[in-house]
Structures are given as C-alpha cells and as structure tokens.
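Let me begin by presenting the structure, written as structure tokens, before commenting on it.
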Amino acid sequence: MKVVLAEQKVFNKKQVAIYISIGVICIISIIVALYIQFYARIDIGKLLGFRTEVELGNKTEEETQLLKAQFDHIFTNSLHNEEAQTNKKKESEKALVYTKIERKESKVNSYDVEVHIPYINIDNEKIEEYNKEIEDFVNKTANVLATQNKNIIYTVEYVANVQNDMLSLIIRSNLKEGSSAQRVIIQTYNYDLRNNKEITLEEVLKIKNMNSFELQEKIKSEISMEQKKVEDLKTLGYTIYSREIESDKYKIENTKEFYVTNNTLYVIYAYGNETFTSEVDLIVV
C-alpha cells in the first residue's frame, strides 16, 4: 500500500514577518488596554464619543458663584456615588466612608454640640493615618462635653464622594467659645483607589485635563480680590484677617485642601486651620 503524506505548508519569510508583526501588535494592544484600565484614567466611552462630560474649568461666572453660595449645603454627612470597592474595605458590610461618631447634645450655658464624624473604611496604612487625624475631632468633642459654663458651640460635618476611582472627603468643624473669635477648620482627604495612594491637586488637574497655569492665575486673582475687600473694610474700622497674597501656600503644589465632586473642584484655603478665624477662601472650577 502506498501511503500519501499530507503536504506540509511552507511559510516564506514574508509571511512569517507578517504573522510576527500581527502578534506584536496584539501584545502591545493588550498592554495598552491594561494600562488604560488600571493606571491611566481614560474613559473609553468618552474616548469613542459614546458619552460626554463637562470638564473642570468650563463653568460660567454665574455657575461658579452659585456653587460658592451653595457650598454650605454640600455637607450631607454621607458618601455619594460609591463604586464597587468591597475588596478594599476593612468592614465589608459598611460603606467606604461612614459616620462613626454622631452626637447632638446641649447643656444650658455650657455647650451646644452637634457632630457627625466620619471613618474611612479602607484597609491601608495611609488611610490609617487619615483616620488618626480625624480622631482629633473626636477628642475635641470629648473636651467640649467636659466643659462647664463656657457657652461653647461646636459642630462637625462632612461629605464624601467617589468618582473615577478617586475618593474625596471634606470635613468642616465650627467652634465658637463665649466671646472669642469663631474658628472654622476644613480638612480634606483625597485618595486614589485604583493605585492605593494619596492623590495631589497637581495629579487631579492632569487627570481632568485642566491647565494648571490657568488655575494658578485664578487662585492669584481671587485671593487678591478678597484681600482688596478686607482692606476696604479695614478703612471703615473693622477688624479683618489679612492675606499674604504672595505666600507660597497659594501655589498649586502646596495646596493641600481640595474636594472633587460631580465634575466640580473646590480649592479651599481655610485660615482657621492655623489660627482662630472663620475666614475661608473658596476657588471653584
């Protein structure tokens, strides 16, 4: 019996080169896709035109002023837009940020307290540092409740938001003790859930494709305008808080307090963080 073997397919050099090129392109495509998914914050839907989004910096003056006027109302003592982050949670059954301490109590001539103190429910060393800082509000509450006949008003409120794998938390406390000056403290915490690290204002601007030079100019302009206002009040005999408009603390790289929500960025200069004053400058973009 004569056995006929199947003809073996022979590839020439040109075909081999083509197949290798296709393989390399596929590998590069996979690497790029993984980078976009896990590191670069690119929304494929927006990239392909399926979804549109109002980016930072496109607000009208009317929209900006309205957001400033409504700033007091953003503090809902809750987390908005929580995304699926169960694997990052310390307590899986609770929200990523939840109210750990909530208390409302009054004592005539001594204190009036209403606090809502959050806890960041993430198992991470940096987050533990955040939660330790937030404990200062708990300690202050205990101190106020231990006072007698000082007429102290003390409040703590917060709001948190998750957007594009970024957690943003803002806490505001208000302290008024007898006839002393009112003090407003604002602390913010911004954390990259995707890469498990703290995120800076500079990084947020890059993610949101916003021009840092334009924001820096906006900050300088608005701080100068606020300083002009208080100088006018000073000539009328009022006690004012004076801003050092050339201070390095107004540089973007030195700005620590900011909050991001629903495509709005609040850049915050709370002077009560350093001294007894209720003065706060709010830059909205």
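Side notes on the structure shown:
- As a summary of the residue check, T275 satisfies the conditions (1) open to solvent by 20 Å² or more (accessible area, probe 1.4 Å); (2) more than 21 Å from R172 (Cβ to Cβ) except for the one numbered (2).
- Per the listing V115, V108, V156, V144, the residue uniquely more than 19 Å from S78 (Cα to Cα), open to solvent by less than 30 Å² (accessible area, probe 1.4 Å) and among the β-branched types (V, I, T) is V144.
- S212 being touching a helix residue (DSSP H, G or I) at 6+ places or on another chain (Cβ under 7 Å), of a type outside the set (A, V, I, L, M, F, W, C), surrounded by fewer than 12 Cβ atoms within 10 Å (Cβ to Cβ) and over 30 Å from S106 (Cα atoms): no
- Evaluation of T155 against (1) farther than 18 Å from K256 by Cβ; (2) at pLDDT 95 or above; (3) not in a strand (DSSP E or B) (one fails), failing number: (3)
- In the stretch 90-105, residue farthest from L169 (Cα to Cα) [restricted to those that are assigned to a strand (DSSP E or B) and open to solvent by 70 Å² or more (accessible area, probe 1.4 Å)]: K104
- Hits in the stretch 220-260 (condition: within 29 Å of Q163 (Cα to Cα), open to solvent by 80 Å² or more (accessible area, probe 1.4 Å) and acidic (D, E)): E253
The values are calculated or read from the model by the stated rules, or taken from the named source; none is laboratory data. Just so we're clear, the structure is a prediction, and the values are computed from it rather than from any experiment. Heads up, the Cβs are rebuilt from the backbone with ideal geometry, glycines too, and the neighbour counts pull from every protein chain shown. Just the protein is used for accessible areas: all its heavy atoms, side chains included, with ligands, DNA and RNA removed. Shrake-Rupley method; radii C 1.70, N 1.55, O 1.52, S 1.80 Å.
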